[in-house]
Amino acid sequence: MTVVSRSRRSGFSPTSAADVPRGFPSVIGLKPDLPGHIPGVTPATAAKLAQLGIRTQADLVLHLPLRYEDETQLTPIADLRPGVPAQVEAEIVESGVQYRPRRQLVVRVRDDAGGDLVLRFLNFYGSQLKQLAPGRRLRIFGEPRGGFLGDEMVHPRYRLVAEDDPLPQAMTPIYPTTAGLSQLALRKCIDLALSEADLAETLPEPLRGKLHLAPFADSVHLLHHPTPATSLAELSDREHPAWQRIKFDELLAQQLSLRRAHEARRAKTAPPLPAKGTLTKQLLAALPFRLTAAQQRVWREIAADLGEHHPMQRLLQGDVGSGKTVVAALAMLAAVENGHQAALMAPTEILAEQHWRKLSQWLAPLGLDIAWLSGSLKKKDKAAMAEAISSGRAPLAIGTHALIEEAVDFSRLGLAIIDEQHRFGVRQRLTLREKGVNPHQLMMSATPIPRTLAMSYYADLDVSVIDELPPGRKPVLTKLVSEARRDEVIARIRDACAEGRQAYWVCPLIEESEKLQLQTAVDTFERLRAELPALNIGLVHGRLKGEEKARAMGDFASGKVQLLVATTVIEVGVDVPNASLMVIEHAERFGLSQLHQLRGRVGRGADASACILLYAHPLGETARARLKVIFENADGFEIARQDLHLRGPGEFLGSRQSGVPLLRFADLEADADLLEAARETAELLLKEYPDVADRHVERWLGGRRELLKV
Ligand code: ADP
Ligand code: MG
């Protein structure tokens with residue numbers, strides 16, 4: 001229990017910043033400082049509340065306590081036990097500032113039974129000295145400890161009281177708050193909201209009964225003001241029926257808003273792009289391989305969507321190397337067959353360029369012009385490309401973020417494809433989409449989304465999964481090797497390259513500093529050059545100019561360079577089948593999906609491949625857990641599931657990933673059954689009680705409506 005306080009007024013003081021719960025404020029992408037209009041709340045307080053994500057009375061009602069303190073009892077000072085928080089009432093006997101061992105305000109109090117207690121404040125305001133004058137009566141809450149002069153409390157919370165000020169009848173709720181907003185002030189706002197806001201039940205009675213859920217109004221009242229009979233243990237681990245109800249309602253609001261978004265999309269019209277077969281058939285016939293059954297299936301799903309009159313919003317998932325690019329190429333051709341343009345955006349220059357080469361190789365024989373746009377293009381070339389796109393001369397465009405720059409204007413964009421979609425933010429994805437009039441959208445990712453996440457944050461996406469790798473792939477052998485054995489690893493690279501194979505050496509990750517990262521890459525490169533003088537060694541990192549990067553990658557792809565030293569710029573999409581060995585230095589610093597993506601760069605050719613994870617001692621607990629997961633699993637879905645488990649959804653998604661409010665109370669994994677029930681209930685409400693659904697969404701998300709249109 002936190003009893004440290006920095007008391008400013010006579011009211012019980014705010015709790016510390018550490019009390020702000022996970023995922024707070026609960027809404028991403030929204031400026032948290034837009035105050036709302038809340039009856040009975042001053043503008044200054046409203047601004048503070050806005051920092052907590054509170055904009056409406058309903059938000060106040062749903063601002064639930066983190067924990068409770070028991071102020072319903074008074075403990076005689078004589079009965080205090082060290083370490084057990086308690087409340088006493090006593091009169092100030094003397095007070096003053098002491099300077100030893102350091103400056104502090106010391107207040108001696110005595111209760112009616114004659115027990116003495118010392119209060120110490122290391123941080124205090126001058127006004128407190130005046131306020132804590134002898135003769136004043138205090139109610140004090142804190143954790144006693146045995147001191148040199150008898151019992152004492154350091155930084156207790158306290159409040160001035162009159163002789164027979166009644167004790168609270170219920171537990172005192174402690175709320176997440178922000179600097180400058182005291183618990184007392186926040187509590188007043190919340191109590192006012194509790195008495196004024198509409199707490200009407202949103203679940204139709206028979207449904208509520210069937211779900212065994214407690215009534216809404218009772219639940220919020222109880223959570224804000226539990227009676228002494230309530231089990232605090234159940235409240236604190238959120239198993240209490242009142243918490244169950246709140247968590248259910250939160251999930252229900254999320255499901256309802258996602259379904260609404262889905263309906264809104266279905267109401268829009270998009271150009272239908274049915275695959276006519278003229279170009280798509282030609283590509284299929286010219287490919288040096290046959291599509292796998294899984295590729296054929298996802299292509300059918302995508303083609304069916306493209307033929308419809310409303311915009312497709314589909315996520316194509318497939319593990320690293322499963323062959324998503326060719327499916328994207330087919331979709332792009334369907335757009336062209338219907339006289340529309342298609343764009344493919346990739347997160348890195350290396351990847352975009354590789355797509356451009358591959359697609360040029362596949363599509364140029366069909367007589368199609370492909371525009372290429374990247375940040376490193378010369379101004380003149382960029383302008384020429386933008387012109388080809390806006391005039392419609394180039395039916396296809398491939399590029400990096402440069403594609404969504406303002407100057408780029410499509411004449412008839414019918415399909416927007418985003419590769420490695422998790423690397424982009426919501427805003428960027430929207431911007432590409434806005435380059436056309438409701439174009440179809442295909443997102444691709446090798447980072448699979450676990451089912452619980454897909455059901456919530458991505459509920460408005462249709463998902464296609466490539467669940468099979470092209471034939472002939474060999475599993476990648478993963479080895480964990482201590483840094484102490486680096487020499488053996490070097491010898492292994494020498495041997496592999498002598499046999500005509502190629503290898504990647506991934507530099508240690510330095511997340512904090514780009515400059516240091518660059519330095520590390522150069523150092524690693526120099527060191528390996530000294531250690532392996534017979535090899536041709538290349539280097540790629542994020543700071544190289546576009547053409548230098550392209551040259552380095554080109555030399556590696558052609559076999560001129562045998563060992564490529566790289567930063568994580570090679571993490572996504574890079575495809576050099578002859579490379580069969582990868583070393584990742586300081587593997588313990590990388591995230592799970594990063595390791596999986598990196599490892600996916602090998603195992604693409606006919607040779608047996610290996611990935612060596614070099615790690616340094618001592619290994620922290622999470623690093624150890626991550627390395628164990630990557631060592632034991634090859635399947636991207638399983639790795640993602642474990643990743644979610646290790647990191648939690650907020651971090652897993654990345655703050656820019658989703659425009660959907662993060663959950664504050666429910667936990668996707670622990671409350672999976674509630675999520676399932678909420679999903680079914682959402683469907684039923686929308687069908688049979690649409691106005692109830694409206695009220696429910698308004699209560700939970702009323703202040704944040706602008707977010708729900710992603
Ligand atoms: P990813 O899904 O990771 O984006 P790519 O599209 O880059 O994978 O494909 C990986 C490699 O597999 C590429 O060289 C691609 O040409 C090749 N490929 C794709 N589909 C097949 C297939 N059906 N048979 C054989 N090779 C394929
Ligand atoms: Mg790819």
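The values are calculated or read from the model by the stated rules, or taken from the named source; none is laboratory data. Predicted model only: the values in this text are computed from it and were never measured. When we count neighbours, we look across all protein chains shown, and the Cβ atoms used for this are built from the backbone with ideal geometry, even at glycine. When the accessible area is computed, the model is the full protein with side chains, heavy atoms only, and any ligands, DNA or RNA have been set aside. Shrake-Rupley method; radii C 1.70, N 1.55, O 1.52, S 1.80 Å.
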Segment 49-88 residues near the modelled Arg145 label - backbone nitrogen below 12 Å, point 7 Å along Cα→Cβ: 82-84
Span from the segment 355-378 Cα centroid across to the segment 56-73 one, whole angstrom: 59
For segment 682-693, 3J(HN,Hα) per residue [Karplus equation, 6.51 cos²θ - 1.76 cosθ + 1.60, θ = phi - 60°, Hz, x = Gly/Pro]: 4, 4, 5, 4, 4, 6, 9, 9, x, 6, 5, 4
Unit Cα scatterers, Debye sum, segment 477-633: log10 I(q)/I(0) for q = 0.08, 0.18 Å⁻¹: -0.20, -1.11
Simple Cβ-charge dipole of the chain, Lys/Arg +1 and Asp/Glu -1, about Cα centre, in debye nearest 20: 2060
Mean-position separation - Cα centroids, segment 202-261 and segment 512-567, in angstrom: 56
Burial order of peptide ranges 161-169, 605-613 (average beta-carbon count within 10 Å, highest first): 605-613, 161-169
Computed FRET value (nearest 0.05) for Ser513 with Val481, which takes r as the C-beta separation and R₀ as 25 Å: 0.40
Candidate lysines for bridging to Lys515, where Cα separation is under 23 Å - those fewer than 8 sequence places away on the same chain excluded: Lys545, Lys549
Calculated over segment 296-435: convex hull of Cα atoms, volume per residue (Å³): 109
Rounded to 5, the percent of DSSP beta bridges in the chain classed as antiparallel: 35
Prolate/oblate/rounded label for segment 142-291 (Cα gyration tensor, a/c 1.5): prolate
Inverse mean reciprocal Cα-Cα distance (Kirkwood Rh) of the chain, Å: 29.5
Simple label model, 7 Å out from Cα along Cβ direction - Ile490 to Lys188, nm: 7.1
Sites Asp198 and Glu680, calculated FRET efficiency, Cβ-Cβ separation with R0 25 Å, nearest 0.05: 0.45
Förster radius 35 Å - calculated FRET efficiency between Lys281 and Val426 (Cβ-Cβ, nearest 0.05): 0.45
Prolate/oblate/rounded call for segment 73-167, Cα gyration tensor, a/c under 1.5 rounded: oblate
Apportionment of accessible area to carbon and sulfur, the chain, percent (1.4 Å): 53
Difference of contour (0.36 nm per residue) and Cα-Cα distance, Lys560 to Leu167: 133.2 nm
Nitroxide proxy distance, nm - points 7 Å out along Cα→Cβ at Thr227 and Glu91: 3.7
Under the Karplus curve 6.51 cos²θ - 1.76 cosθ + 1.60, θ = phi - 60°, whole-Hz ³J(HN,Hα) for segment 82-90, x wherever Gly or Pro sits: x, x, 9, x, 7, 10, 10, 10, 7
Computed helical MRE - 222 nm, the chain, DSSP H runs ≥ 4 contributing -39500 (n - 2.57), nearest 500: -11500 deg cm²/dmol
Contour excess over end-to-end distance, with Cα ends at Glu308 and Asp409 and 0.36 nm allotted per residue: 33.9 nm
Cα-based Lys pair tally, segment 279-466, threshold under 27 Å, eight or more apart or on separate chains: 13
Highest-first arrangement of 582-595, 173-186, where packing means the average Cβ count within 10 Å: 582-595, 173-186
Accessible solvent surface per residue of the chain, calculated while the other protein chains remain in place, 1.4 angstrom probe, Å²: 44
Relative contact order (%) - criterion: Cα under 8 Å, at least six apart; region: the chain: 14
In degrees, nearest ten, helix 379-391 long axis to first principal axis of the chain (Cα): 80
Ordering of 197-203, 494-500, 269-275 by burial proxy (mean other Cβ atoms within 10 Å per residue, highest first): 269-275, 197-203, 494-500
Per residue Cα convex hull volume in Å³ - calculated over segment 562-635: 91
Vicinal HN-Hα couplings computed from phi for segment 461-472 (Karplus, 6.51 cos²θ - 1.76 cosθ + 1.60; Hz; Gly/Pro x): 9, 8, 10, 10, 10, 8, 10, 8, 8, x, x, x
